[in-house]
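In what follows, a single structure is set out as structure tokens and then discussed.
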Amino acid sequence: MSYGWSSSYVSESYFLSHILDDAGLTPDDRQKMIYFAGVLETVHTVHSICQGWMRSIYFFGSRSEGATTPDLHSDIDYLICHEDRPVITELSQWIPLQDNGFLISDENTHPGYVKIQQMHHDKPEIMCACNEPFCIRDAGGRVLRLSLDYVQRKLENVSGPAETRPWDTGVISSDYVTCRRCIQWPPLAENWLLRRRPFNWPTCAQLQEMKKYGCFVVPIGHTHSLSRNVEWRLSFTQTERDLVRMFNDTQVKVFVVLKMIKTSFIKPVVGDTFSTYHCKVCVFWMAERTDPRIWKTENLIMCVLMCLKCLYQWLAAGFCPDYFVPENNLYDRKLYGSTLASVRKLIGAITEKTVLLWLKRICLDDVGERLKLCIEKGMFVPQTTATEKRNEEKLVREIGILSNVPVTRKQILFSLQTKQTDHYKIMTSLRSMMQSTQHVTARAAEILFPFVQINERFYEIAKIIENNADGYTPEMFKSMFTEFMEVCKKTDVTSEKLKLVGALICISQTEKASVLFGNVEETLKPHCLPICGCYEFIMRRNDDFTEKVVTENWTTEELLQKCAAYCVMYTTLEMPIVPKAMRMEFFRISATPANTKANTDISWRHMAVADSRAYVHFLKYQLMSKIGKEKEKEEALVNLMGFIAHDQYQAHKETSYNLLGYCWMEEGNLDEAFWCFARSIEVRPIHNAAMWHICTILPKLVNDMEVNIYTRQPHS
């Protein structure tokens, strides 16, 4: 259906659509991006729960919406919502013993902004006396909450409510935004739910679902407001994210092309004063006001042109209506005067029947050059470089997901060990997430849940052994073994299974340990990806893993259960089922010299941790010693030495040396053991249990040395 549009851009639209697919905008790629966002949200929220904080962590921005390409270099927007500081619109919504705020708006408050009256903690009444920190009394006697206390954080590069920091990878920048939640949909935006929608986008059912979110209240006032220090901006980012995820294929691509035009031609002239958000709002309005039948692949370029003309009209009027509160002019804060005129002139030039010429000049993701080539050839021309870049993005996303799981596991285990939380609280929170209507959140929680579940089981058996040291029988463990195995299958390739093997060895269940160990050894293949969540760790990619991700399109769950090899991590709660050699690792902090400056994250140093690829050789040595297979025991010792000597990408190398040293101690070769512990200290001079091992064997070494001296035969 043409709707009066020229058909001259139909073939060009198909070419552009295929080029954007190559850049990572296929439905499958979009779902992967959205899932990546869901995992980050879930793991950071679990982190927060472990710390005992009442915070929810959200991940917003183009990456979470599935609307970006590699060359756009979209950043990550983390929103930290303080759930213990609710903002209410009616007194009946007051929550006891929390820092409630009452949302108000008056004639002096700019549309889209509000003020927060402070309430009592112990009764549903608005506070009259200004005796709370970060509050101020206005001319009308109202006690208002300052917005400045949130933005004056100890993080670096504060700009407005967003605090920019480098992300964990050091490659993607992040904006951290702190806010409060308005638990009901604000009256100021009520019209958004009620206004007439000629094409039923979004649907009534979708509107009612998004209404449940309420909104966020962000600590930033309007630029030109005289009461900016007590103004808060309404933020509908959670609803916006859902709306972008509801876009069809063409709408997403229109949004991305607008961002490319903005980045390529407008940003070099006016910087960030004209933002991606202006483009997003434009597509929202167009999606609501136009027939969905026009949003098709053959109309891609015409839809881009339609949105550009809408932006031009807004620029000409000097007014960009907010999608949720249309009275709020989004140009008010940034775009005005000569800057606005420059943007209007640029967009006007693009819309004057030259849109194709401008699209051919886009350098991002080689869109322009590829579009020219396709038009010249009269057919779509695939490009190897684009495919490689897209595959690299897929790899980065999957590794990012797999890397966040052990980081969260580490934080969970540390919080359990230090009694900051317990298994019940963590598992209840994860079960709640697993029942979420947000599919990506539920799926991410399902990945984390087995790691907590298996740790609870290890803790239970450890407690049974500890409390029934005399009456304990191995039969008590047999009934739990099948359940252990079922849960282990849902975790990574090695870490939890090796812990189970170690536990079986500790309770002399060597037959079961042998069977399970054989399975683990068989699955620890070259395609496995070793991942350490304790500190910065260089991962060695391999062709086999890459093929699983790129060619065979394995799901994240398949990659986790068949490829990821996490470090083995014990807590002190599991002490009775921890092999003796690993127990010394719990005291690595005690073995640290005084006045040593610690790094930011030291949680792993309070636990016993080993690279699973080294630990598998150590356990084989222990198991073969138990069942008396000398040849296999020697083979395991040689393999452990070979791994330490030749693998350049191993984690916790100092622990591997300590395990090897312990094996030599059992062999009665104290000289070799001492050499291993000395090398361990060279690898990690502080936070190293090798010092305790040396203290253990040093008296024996000195004694042997004295014996050798006194028994030496005199020269003839």
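Please treat every number below as a calculation from the coordinates, not as lab data. Quantities reported herein were computed from a predicted structural model and do not represent experimental measurements. A quick note on method: Cβ atoms are made from the backbone with ideal geometry, for glycine too, and the neighbour counts reach across all protein chains shown.
Couple of notes before you dig in:
- Förster radius 51 Å - calculated FRET efficiency between residue 489 and residue 349, Cβ distance, rounded to 0.05: 0.25
- The candidate values are (i) 1.39; (ii) 0.94; (iii) 1.14; the one derived from this structure for Cα Rg over 2.2 N^0.38 Å carries the label (iii).
- Mean Cβ neighbour count within 10 Å, used as a protection proxy, ranking 110-116, 378-384 highest first: 110-116, 378-384
- Given +1 at the Cβ of Lys and Arg, -1 at the Cβ of Asp and Glu and no other charges, the dipole of segment 54-246 around its Cα centre is 320 debye to the nearest 20.
- Among 134-144, 45-55, the peptide with the highest mean count of other Cβ atoms within 10 Å heads the list, and the full ranking is 45-55, 134-144.
- Residue 87 long-range amide H proximity, modeled H, under 5 Å: 101, 181, 182, 183
- Signed unit charges on C-beta, dipole axis of the chain, positive-most listed residue 88, 193, 676: 193
- Remark: segment 119-132, residue by residue, has Karplus-estimated 3J(HN,Hα) of 10, 6, 7, 10, 7, x, 10, 6, 6, 9, 8, 8, 10, 10 Hz, where x stands for each Gly or Pro and the curve is 6.51 cos²θ - 1.76 cosθ + 1.60 at θ = phi - 60°.
- For residue 689, no residue whose modelled amide H falls within less than 5 Å of its own remains once neighbours fewer than 5 places apart on the same chain are excluded.
- Options 661, 445, 519, ranked by Cα towards positive dipole end of segment 388-707, top entry (Cβ charges): 445
- Sorted ascending by nearby beta carbons within 10 Å, beginning with the fewest, 586, 545 become 586, 545.
- Backbone N within segment 375-404 under 19 Å of label point (7 Å from residue 360 Cα along the Cβ vector): 375-382
- Residue-wise HN-Hα coupling along segment 430-443, computed from phi with Karplus coefficients 6.51, -1.76, 1.60 (Hz; x: Gly, Pro): 5, 4, 4, 5, 5, 9, 5, 6, 7, 4, 5, 5, 4, 5
- Dipole of segment 54-246, positive direction: furthest Cα of 221, 68, 210, with charges on the beta-carbon: 210
- Based on C-alpha pairs under 8 angstrom that are at least 6 apart in sequence, the chain has a relative contact order of 11 percent.
- Long-range amide H partners of residue 55 with built H, under 5 Å: 83
- Tilt relative to the chain, helix 690-711 - C-alpha long axis, 0 to 90 degrees, to 10: 20 degrees
- Calculated FRET efficiency, residue 246 to residue 572, Cβ-Cβ distance, R0 = 60 Å: about 0.80 to the nearest 0.05.
- Of the peptides 567-573, 290-296, the order by per-residue mean of other Cβ atoms within 10 Å, starting with the highest, comes out as 567-573, 290-296.
- Summing Lys and Arg as +1 and Asp and Glu as -1 over all other residues whose Cβ lies under 11 Å from the Cβ of residue 33 gives a net charge of +2.
- Check: the chain dipole with +1 on Lys, Arg Cβ and -1 on Asp, Glu Cβ, in debye: 1440 debye
- Helix axis angle, 384-417 relative to the chain longest principal axis, alpha carbon, degrees: 60 degrees
- The chain - share of DSSP beta bridges that are antiparallel (%, nearest 5): 70 percent
- This model, with +1 at the C-beta of Lys and Arg and -1 at the C-beta of Asp and Glu, gives segment 397-475 a dipole about its Cα centre of some 440 debye.
- Karplus-derived 3J(HN,Hα), 6.51/-1.76/1.60, for each residue of segment 331-339, Hz, glycine and proline x: 7, 4, 7, 10, 10, 6, x, 5, 5
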